[in-house]
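Below is one structure, written out as structure tokens; comments come after it.
The values are calculated or read from the model by the stated rules, or taken from the named source; none is laboratory data. Not measured: the values here are computed from a predicted model. A quick note on method: Cβ atoms are made from the backbone with ideal geometry, for glycine too, and the neighbour counts reach across all protein chains shown. Accessible surface areas use protein heavy atoms only, side chains included; no ligands, DNA or RNA. Shrake-Rupley method; radii C 1.70, N 1.55, O 1.52, S 1.80 Å.
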Amino acid sequence: MSKGWFTPAAEALRASAVGPVASFDPESTPGFDGDKESGSELLASRGQDLADLQELLYANGRSGDHRSVLLVLQGMDTAGKGGIVRHVGGLVDPQGLSIKGFGKPTPEELQHDFLWRIHKALPPAGRIGIFDRSHYEDVLPVRVHNLVPKAEWEKRYDIINQFESELVAGGTTIIKCCLVVSKDEQKARLAERLDRPDKYWKYNPGDIDERAHWDAYLEAYQDIFELTDKDSAPWFVIPANRKWFARLAVCELLTTTLAGLELDWPEADFDVEAEKKRLAASD
Ligand code: AMP
Ligand code: MG
């Protein structure tokens, strides 16, 4: 039997299936029994499926369909969010993507509700939106560093659930992926950034300070999974020590999500036979 997914990724990686994130193994490959080589082969073929499905979504969007897909990426520094954008996003036509990253809020953003900047960044009809960090930062560093009082961040889980259910009702299909690296792997990746001039730009001295809050971040992630993992906006927990697996897994989840939309090519909004005759009759 060929190696591959023996359990669908959407089942094997679902937050509710993987157990507490504090004891999650970032080296594991849940649901998948292949190695790096078979994983890379599968990524290429599923990537083709993803590209075809993305074109279908885009074509429908151009024809007035209001659906879109939103992939939310979360994870500690160095977990590989940027790599997912490049290597999974890179499998499809860039015209069909809407990629937004969320850093520390600007003074202007801080004057508004935490969802203000998120609303402005939502994918238009027919697009796959990718959020590199998201509204979940407002219950991660904000919670860990008490950037707002507990009474305020505590309310945000319900606000987020409400916001996401409205998005879904409006035609956006949401999947949320949290990339999980081990603390040792993060150390190795930070060391590499310090060793390589071509990686200095990714290094932020603050990342080392954040390592001191590792357990508080894990707790904050655990609450996110317990409070905001809904069938209509599911969380997936992706072991990310092996980059090839994280990319394969996110590609698989995105591909099955798009396939689940069961889109067809839009009908022509012109008379095909009449146009053929006009073309034949033209010079
Ligand atoms: P990077 O993803 O490496 O560009 O870093 C972005 C930084 O912005 C990270 O340290 C995030 O935790 C931080 N960040 C993003 N959103 C927020 C937020 N709402 N409040 C505080 N910090 C944030
Ligand atoms: Mg960073």
Inset, instruction - State the Cα centre-to-centre distance between region 1-72 and region 225-283 in whole Å. - result: 12 Å
Legend entry - Surface per residue (accessible, 1.4 Å probe) for region 9-261, Å²: 46 Å²
Inset, instruction - Assuming a ≥ b ≥ c are the square roots of the Cα gyration tensor eigenvalues, decide whether region 125-208 counts as rounded (a/c under 1.5), prolate (otherwise, with a/b larger than b/c) or oblate. - result: oblate
Legend entry - residue 66-residue 196 pseudo-label distance in nm [points 7 Å out on the Cα-to-Cβ vector]: 4.5 nm
Legend entry - Per-residue SASA entry for residue 116, accessible area with 1.4 Å probe, Å² rounded to 10: 70 Å²
Legend entry - Per-selection metrics, region 9-261 (Cα): Rg and Dmax in Å: 17.7, 51
Inset, instruction - State the percentage of accessible surface on region 105-213 attributable to carbon and sulfur atoms; use a 1.4 Å probe and exclude ligands, DNA and RNA. - result: 53 percent
Legend entry - Ordering of 90-101, 73-84, 190-201, 268-279 by packing [mean C-beta count within 10 Å, highest first]: 73-84, 90-101, 190-201, 268-279
Inset, instruction - Work out how much length residue 226 to residue 7 would gain on full extension: take 0.36 nm times their residue separation and subtract the Cα-Cα distance, in nm to one decimal. - result: 76.6 nm
Inset, instruction - Sequence neighbours fewer than 8 away in the same chain don't count; with that in mind, list the lysines whose C-alpha is under 21 Å from residue 176. - result: 81, 100, 104, 120, 155, 230, 243
Inset, instruction - Pull up the DSSP beta bridges for the chain and report the antiparallel fraction as a percent, rounded to 5. - result: 10 percent
Inset, instruction - Could you order peptides 127-133, 43-49 by the average number of other Cβ atoms within 10 Å of their residues, highest first? - result: 127-133, 43-49
